[in-house]
Amino acid sequence: MKQLLHATALIVLPAAAFFVLMPQSPKAVAESEAASGLGDLTPFEAIVTDGQAIAATGDFVAAEKRVSDFETAWDDAEPELRARDAAGWGSVDDAADAAFAALRAGDPDKVKVAETLGALQSTLHAPVTAMGTGVATLVAGIMVTDVTGHAIPCEEMLKDLTAAIDGGKIAAANQAQATEYQSKATERCNADDDKRADEFSAHGLALASK
């Protein structure tokens with residue numbers, strides 16, 4: 001019986017080794033990549049492709065409008081995508097912000113618009129997956145970035161600050177200062193400056209412990 005099992009193993013093992021060493025088909029590789037990280041980003045890529053085609057005609061108003069569709073969809077998907085791959089999400093988000101800024105400039109530069117939209121498309125195709133320092137940044141003892149160094153969405157921090165102010169968690173003596181931080185954070189958040197907005201919100205939230 002042992003001799004039979006040994007003979008069977010000699011037959012099976014080479015076959016198993018053959019299948020392990022066989023390269024995956026392009027389709028299998030693509031499906032594997034799509035199943036990891038941020039997943040399938042082709043709907044976002046399609047929007048950027050439209051934006052690139054429109055921008056190439058020089059109609060930056062229409063291009064900005066189309067890319068705004070990307071912004072809305074990207075923001076809606078943020079909770080899920082960021083939870084899947086914070087670093088990958090951050091790399092795409094930074095590239096998107098650069099494209100938005102180029103299109104929303106007072107006098108958009110055609111070359112700059114083309115470069116930033118191209119960079120966004122490339123990043124969507126291959127998001128950066130480096131995990132950064134692994135340590136979040138703190139301001140006044142409040143976390144303002146995730147472990148990849150990407151700013152926490154300013155809307156989230158403003159929501160927390162507003163809740164602290166409205167919920168009476170900040171002493172009356174500090175209410176005016178907290179409201180001022182809230183106002184400055186709102187201004188920077190509306191300007192898509194999450195970093196500065198989060199810093200103001202953090203200073204306001206820190207008042208809750210005083």
**Report entry** Point-to-point label distance, Val135-Val61, nm (Cα→Cβ direction, 7 Å offset)
**Finding:** 5.0 nm
**Report entry** Charged-residue dipole, Cβ positions (Lys, Arg, Asp, Glu), segment 138-209 about Cα centre, Debye nearest 20
**Finding:** 240 debye
Requested in this report: Can you tell me the order of 121-128, 64-71, 95-102 when each peptide is scored by its average per-residue count of other Cβ atoms within 10 angstrom, highest first?
Outcome: 95-102, 64-71, 121-128
Report task. With only Lys, Arg, Asp and Glu charged, each at its Cβ (+1 for the first two, -1 for the last two), find how big the charge dipole of segment 39-125 is about the Cα centre; round to the nearest 20 debye. Result -> 220 debye
Query raised in the report: Given the Cα-Cα distance of Ala163 and Arg104 and 0.36 nm per residue of separation, how much length would full extension add, in nm?
Result: 18.1 nm
Query raised in the report: Across segment 53-210, how many lysine pairs, 8 or more apart or on two chains, come within less than 27 Å at their alpha-carbon atoms?
Result: 14
Query - Extended-chain gain in nm, criterion 0.36 nm per residue less alpha-carbon gap, Ala173 and Asp76 - result: 31.1 nm
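Read the figures in this text as sums done on the coordinates, not as results from a lab. Since this is a predicted model, take the numbers as computed values, not measurements. Quick reminder, even Gly has a Cβ in these numbers, built from the backbone with ideal geometry, and neighbours come from all protein chains shown.
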